[in-house]
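Comments concern the structure below.
Rule-based calculations on the coordinates, nothing more; no lab input. As the structure is a prediction and not an experimental result, all values here were calculated from the model. Positions of Cβ are backbone-derived with ideal geometry, glycine not excepted, and every protein chain shown enters the neighbour counts.
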Amino acid sequence: MGSYQLIREKKDARLRWDPQQGDVIVEGEGKNLSPRIEVITSDATSNNNDLELSFQKSPTSPSSTLPKSSGDHGGHHFRRSKSGRSGRLLSLDIFRRITVALMIFVEYAGGIYPAINHSPWDGITLADFVMPFFLFIVGVSLALAYQNMPCRLTATGKAIHRALKLLILGLFLQGGYFHGIKNLTYGVDVERIRWMGILQRIAISFLLAAICEIWLKGDNKVNSGQSLLKRYHQQWAMAIMVTALYLSLFYGLYVPDWEYQMPMDISSSEAKIFTVKCGVRGDSGPACNAVGMIDRKILGIQHLYARAIYGRSKECSVNSPNNGPLPLDAPSWCQAPFDPEGLLSSLMAIVTCFIGLHYGHIIVHFKDHKVRIQQWLVPSSCLVLLGVTCDCLGMHANKVLYSFSYMCITAGAAGFLFTAVYMMVDVWGYRHWSTILKWMGANALLIYILVSCNILPVLLQGFYWKRPENNILMMIGVGPKK
């Protein structure tokens with residue numbers, strides 16, 4: 001945060017906001033204050049050493065988030081918004097809390113209502129919005145965090161440190177160390193560890209977006225949407241290059257025939273070899289796409305996610321869209337591993353982070369509510385329209401492949417939701433309904449670890465009566481049934 005210091009010729013006074021009294025308090029002896037207001041801010045990067053910006057409170061300063069008012073105080077607009085008792089942009093925290101609540105809801109309701117659960121392949125469901133929303137808010141937070149940087153090298157070092165911590169945590173939680181709620185054992189064979197995952201994808205996207213935000217921005221004055229694009233044209237060039245790289249590899253790489261064995265344990269004497277026929281380019285189906293091929297070549301098929309999401313498709317499950325036995329005419333690829341957070345698909349996840357950066361830049365450079373909303377609604381509408389158009393033309397929206405159309409639709413939806421939350425919370429002042437979400441936003445990373453990574457069920461099932469099957473999860477109907 002920061003403070004506003006008002007200075008006169010002989011005596012000083014400090015202006016601060018008192019959240020209990022709901023008013024501005026002048027500290028000091030002086031009464032006849034000069035109109036000069038000196039804004040004292042702290043280094044945003046040094047005060048926000050949390051593990052990951054997407055899981056923490058927004059590191060904004062009052063000077064960047066205060067809405068414009070009709071009153072003028074020495075050239076600085078200073079007015080308390082209706083949404084809160086400080087200059088903090090509450091909509092940023094509320095958006096994060098909504099995303100966490102959505103993550104919890106789809107985690108437990110997805111198994112009951114298939115329409116909520118992740119789509120088995122093409123199409124978008126409610127659960128498919130969670131990851132892009134997190135990536136979007138990472139970008140917004142980065143734009144606010146790196147407003148004031150006394151040293152770019154120091155900021156770069158801190159960004160690398162945060163990304164490494166997320167990568168290591170992701171390997172521990174999603175690399176196979178924990179064996180799920182049906183097994184009390186733990187540990188993972190390094191030869192079969194899963195290298196990619198949700199936290200790893202966030203770490204990669206965060207790091208590249210942070211590096212670009214630190215080093216790739218101009219110094220021209222921003223007073224319109226065109227000047228905003230000009231100031232950050234290098235970042236937009238990077239986003240276009242990443243998008244072009246994804247599309248060229250996805251539609252240009254030749255995917256040859258490949259094979260895998262079941263079970264995946266190479267020491268098994270009963271392993272059966274399955275051959276998948278491909279020999280195509282630009283295929284977006286489960287078997288012969290470039291996303292899976294790159295992961296198999298670079299990471300190794302033994303390091304991919306073993307329970308592929310297309311196992312719930314009609315081709316691979318008699319209980320589709322739920323898991324079930326294989327149909328008699330199931331194709332050979334149904335049991336093959338496939339990582340939904342692969343290398344190539346992570347490129348488009350990075351673009352989602354860049355889009356969030358743009359929305360954060362609007363907060364930094366525009367102070368008027370109306371201008372901010374207009375600047376957000378235009379790209380949100382264009383993204384959704386472009387995504388729907390591409391989907392209709394055959395570039396289907398696909399979360400597992402993180403297709404271009406999927407990126408556009410989900411990023412645009414994130415922009416619409418963020419704009420709606422901003423209007424309700426920061427413009428109209430309706431924030432009491434969000435009280436229940438406060439704890440979720442402040443502890444998003446902890447909730448993700450406990451809920452989405454199954455750490456809480458694993459801990460609970462460790463307490464049982466006489467036999468491991470008689471545990472707390474079985475009593476409440478969560479554990480495996482006989």
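Within the shell of other residues whose beta carbon sits under 9 angstrom from the beta carbon of PRO327, the net charge comes to -1, with Lys and Arg scored +1 and Asp and Glu -1.
Ordering LEU393, PRO325, THR419 by Cα displacement along the dipole of the stretch 322-429 toward the positive end leaves THR419 in first place; charges were set at the Cβ atoms of Lys, Arg (+1) and Asp, Glu (-1). Near ALA290: Cβ cut-off under 15 Å, other residues only, Lys/Arg at +1 and Asp/Glu at -1. The net charge is -1. Extension gain for HIS233-GLU259 works out to 4.9 nm (0.36 nm per residue, less the C-alpha to C-alpha distance).
Legend: distances between Cα atoms for LYS165/LYS297; LYS165/LYS221; LYS165/LYS367; pairs beyond 29 Å are LYS165/LYS221; LYS165/LYS367.
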